[in-house]
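All of the numbers you see were taken from the coordinates with simple rules; none came from a lab. Not measured: the values here are computed from a predicted model. Glycine gets a Cβ as well: all are built from the backbone with ideal geometry, and neighbour counts include every protein chain shown.
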Amino acid sequence: MVAVSKLQYPDTLDEMMAHLRAKLPPDTDSDLIRLRADVALEVNLLKRKRNAIILGHNYMAPSLYHSVPDYTGDSLGLSRIAASSDADVIVFAGVRFMAETAKILNPGRKVLLPSAKGGCSLAEAITAQDVRELRSRFPGAPVVSYVNTYAEVKAETDICCTSSNAAAVVSHLRREGHDRIIFLPDEYLGRNVAAETGMDVLLADKDAPGGEALASTASPTLIVWHGRCEVHDKFTTEDIDRVREQYPGVFVLAHPECSPEVVAASDYSGSTTAMIRRVREIDADHYLLLTECSMGDNIAAENPGKEMVRLCSLRCPHMQEVTLDETMAALELDQYEVDVPAQVADRARASLQRMIEIG
Ligand code: 13P
Ligand code: SF4
């Protein structure tokens, strides 16, 4: 989690404009800053009136990220805050699976997602029926689901994980004696976790051998689903080579949703919050971030003494749907409320709570 104490913002237009000017890219137009500052003040007023909190994922655009969230962070950090919040309303500035997680962990609160859809290519890569089929093909293998899944999939899951604890969750199951573990839906995160925990990988497509064939092999095996993040899938080792050539000594950070080849060619891999922390610590002059580009802007604003190499302008199209205007509309119009049927939520909560207990 980036911010453990509640973030505070200025409450006059001039101060908010000065605050945003210091955080937004230097070429940002003054009229635009005024407009954003105006909306941000309105959002913060509405937030107080409605006894609401705003949780802002690290991928939010700089104008929102630096002006309205009470807390910013990665999936795990924000889930923890959502679980213990006593606000009447939780506005989740992120995507649907994150808002669903907040609702599952704190069902008594109203949860609003400032975006009608808020999808995610990973969450959409697997259904509850797929998980049931996997279980029958690999009997006895526990199911680990990345938090980037919808509630129905979490309800079919033994234990959830996020990018910051996936290896710890799999190692925990190994210590409990499991040598066959199903990991879904992210193939790359699965492969990266397998490399970290010394396991073989079996890609669980329809042609892969089932449980019986696997039982005859001795090595511990992670059975991984074939989902991919449409953003992180675009980074290549050639990108890294080119940047290293141009900036010798550059420090490369990659999210574990990148391919294993990209992660292996990087200097560090971790969750969005872990990368934010690492950039603060490094003493290299240049760093390269292989993740969603708004986060790069947010990190650059925080680390003026270090130069971020701008490789791309890759934005997550789903995170991009959440804007300051949509956040204001969410609070004004009570939209879009996220609900999870109780029987699904109860089962999904158990898999999330097992994860939180592991830490
Ligand atoms: P984090 O949990 O690392 O914030 O990642 C969420 C995500 O969707 C990354 O693409
Ligand atoms: Fe999903 Fe990828 Fe967007 Fe993260 S960056 S929300 S994994 S599509």
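The count of lysine pairs in the chain whose Cα atoms are under 22 Å apart, excluding pairs fewer than 8 places apart on the same chain, comes to 16.
Can you give the Kirkwood hydrodynamic radius for the range 209-359, in Å, rounded to one decimal and based on Cα pairs?
On the way: mean 1/r = 0.0532 Å⁻¹.
Result for the range 209-359, one decimal place: 18.8 Å.
The convex hull around the C-alpha trace of the range 196-289, projected and averaged over every direction, spans 7.7 square nanometres.
When you restrict to C-alpha pairs under 8 Å that are six or more residues apart and normalise by the size of the range 246-350, the relative contact order lands at 21 percent.
Each residue in H232, H172 was given a count of other beta-carbon atoms within 10 angstrom of its own, and listing them fewest first yields H172, H232. When the Cα atoms of the range 234-307 are aligned to their principal axes, the ranges along those axes come out at 29, 25, 18 Å in descending order.
Averaging 1/r across all pairs of distinct Cα atoms in the range 120-166 and inverting the result yields a Kirkwood radius of 10.9 Å.
Residues whose amide H lies under 5 Å from that of S269, counting only those 5 or more places away or on a different chain, are A254; hydrogens are built 1.01 Å from N in the peptide plane.
Determine the shape class of the range 1-65: with a ≥ b ≥ c the square roots of the Cα gyration tensor eigenvalues, call it rounded for a/c under 1.5, and otherwise prolate if a/b is greater than b/c, oblate otherwise. All intermediate terms of the calculation are to be shown ahead of the outcome.
Numbers: a/c = 2.00, a/b = 1.30, b/c = 1.55.
It comes out oblate by the Cα gyration axes.
Measuring nothing but how far apart in sequence close Cα pairs (under 8 Å, 6+ apart) lie, relative to its length, the chain scores a relative contact order of 22 percent. Diffusion coefficient (Stokes-Einstein, Kirkwood radius over C-alpha pairs, 4 °C, 1.567 mPa s) for the range 84-239: 79 µm²/s, rounded to a whole number.
Sort I54, I276 by Cβ crowding within 10 Å, fewest neighbours at the top.
On the way: I54 27, I276 22.
Ranked by crowding around the Cβ, least crowded first: I276, I54.
With both partners inside the chain, how many of the DSSP beta bridges are antiparallel, as a percent to the nearest 5? Bridges in the chain are about 5 percent antiparallel.
Considering helices alone, the calculated mean residue ellipticity of the chain at 222 nm is -13000 deg cm²/dmol, with DSSP H runs of length four and up weighted by -39500 (n - 2.57) and normalised per residue. The magnitude of the dipole of the range 205-359, with charges of +1 and -1 set on the Cβ of Lys/Arg and Asp/Glu and taken from the Cα centre, is near 460 debye. Placing +1 on each Lys and Arg Cβ and -1 on each Asp and Glu Cβ, with no other charges, gives the range 256-331 a dipole about its Cα centre of roughly 100 debye.
Ranking A123, S313, V262 by Cα position along the charge dipole of the chain, where only Lys, Arg, Asp and Glu carry charges on their C-beta atoms, puts A123 farthest toward the positive end. With bins 20 Å wide beginning at 0, the percent of Cα pairs of the chain falling in each bin runs 30, 56, 14, 0. With a Förster radius of 35 Å applied to the C-beta separation of R21 and H226, the computed FRET efficiency comes to 0.20.
Around the Cα centre of the chain, unit charges on the Cβ atoms of Lys, Arg, Asp and Glu (plus for the first two, minus for the last two) sum to a dipole of about 840 debye.
Taking every alpha-carbon pair under 8 Å whose residues sit at least 6 apart, the range 259-321 reaches a relative contact order of 29 percent.
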